[in-house]
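K.L.:
There's a structure below that I have some questions on.
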Amino acid sequence: PDDIYGGLALGTGRTYSGQALATFSAGTFTGSLQIGNVIPKTQVATLSIVGDKASITGSNKNERLWINDSGTVVFFLKEGGVSTLDYSKSGIWLQKSAKIIADGTDYTGGARTLKLIRAGAVRDAGIQLQTRGFSPGYRAKLQWSTGNREKELVLSITQEK
């Protein structure tokens, strides 16, 4: 189906060998996302956001984004950028061993600033922010910025002269 409503728990089992992968590249997802497990050294999970054709949102205060210790979210940029995880009506919880990665391997869109995550509230225990794969002429930096009522994870891409 093109549109999904509810919640997605990815890699939340209690075994030590589980691996989970989900990719959003188009369509609509509305609901909670839980990536990885809160129990150390158990399930491993990766959520991939590919390009800018997907809509991923939490539509109310109860639909949140959790990126737990064994979770990774990778944003794969295309020419048009990448879709935003919009949890501005709720919040996000980020654990210290979790990762958010901006991958610029296929990016050709020039210098710009992209919003990767919007959140009404952020509880950050020290998540790892990384960039990778950008062409030598680009510099990419991930950082949190504060808007009027929300916090945003922003990717700034500049071109070297």
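K.L.:
Considering each residue of the range 59-73, count those that are open to solvent by less than 40 Å² (accessible area, probe 1.4 Å) and farther than 29 Å from Tyr16 by Cβ, and give that number.
P.N.:
Result for the range 59-73: 1.
K.L.:
Considering every residue within the range 120-136, establish whether at least one is over 22 Å from Val38 (Cα atoms), open to solvent by less than 30 Å² (accessible area, probe 1.4 Å), part of a strand (DSSP E or B) and touching a Leu at 6+ places or on another chain (Cβ under 9 Å).
P.N.:
No, there is no match, as no residue in the range 120-136 is over 22 Å from Val38 (Cα atoms), open to solvent by less than 30 Å² (accessible area, probe 1.4 Å), part of a strand (DSSP E or B) and touching a Leu at 6+ places or on another chain (Cβ under 9 Å).
K.L.:
While we're on this one: Between Ile56, Ile39, which is among the hydrophobic types (A, V, I, L, M, F, W, C), open to solvent by 40 Å² or more (accessible area, probe 1.4 Å) and in contact (Cβ under 8 Å) with a residue 24 or more places away in the chain?
P.N.:
Just a single option satisfies the conditions, and that option is Ile39.
K.L.:
So, in the range 74-107, how many residues would count as being in a strand (DSSP E or B), open to solvent by 30 Å² or more (accessible area, probe 1.4 Å) and either over 16 Å from Ala125 (Cα atoms) or in contact with a Lys or Arg (Cβ under 6 Å, 6 or more places away or on another chain) (or both)?
P.N.:
6
K.L.:
Still on this structure, I have one more. Do we have Asp106 as free of Cβ contacts under 8 Å to residues at least 60 places away in the same chain, in contact with a strand residue (DSSP E or B) (Cβ under 8 Å, 6 or more places away or on another chain), among the charged types (D, E, K, R) and over 21 Å from Trp144 (Cα atoms) here?
P.N.:
yes
The values are calculated or read from the model by the stated rules, or taken from the named source; none is laboratory data. Because the structure is predicted, anything quoted here is derived from the model rather than measured. All Cβ positions, glycine included, derive from the backbone under ideal geometry; neighbour counts span all protein chains shown. Note: accessible area is taken over every heavy atom of the protein model, side chains too, but ligands, DNA and RNA are not part of it. Shrake-Rupley method; radii C 1.70, N 1.55, O 1.52, S 1.80 Å.
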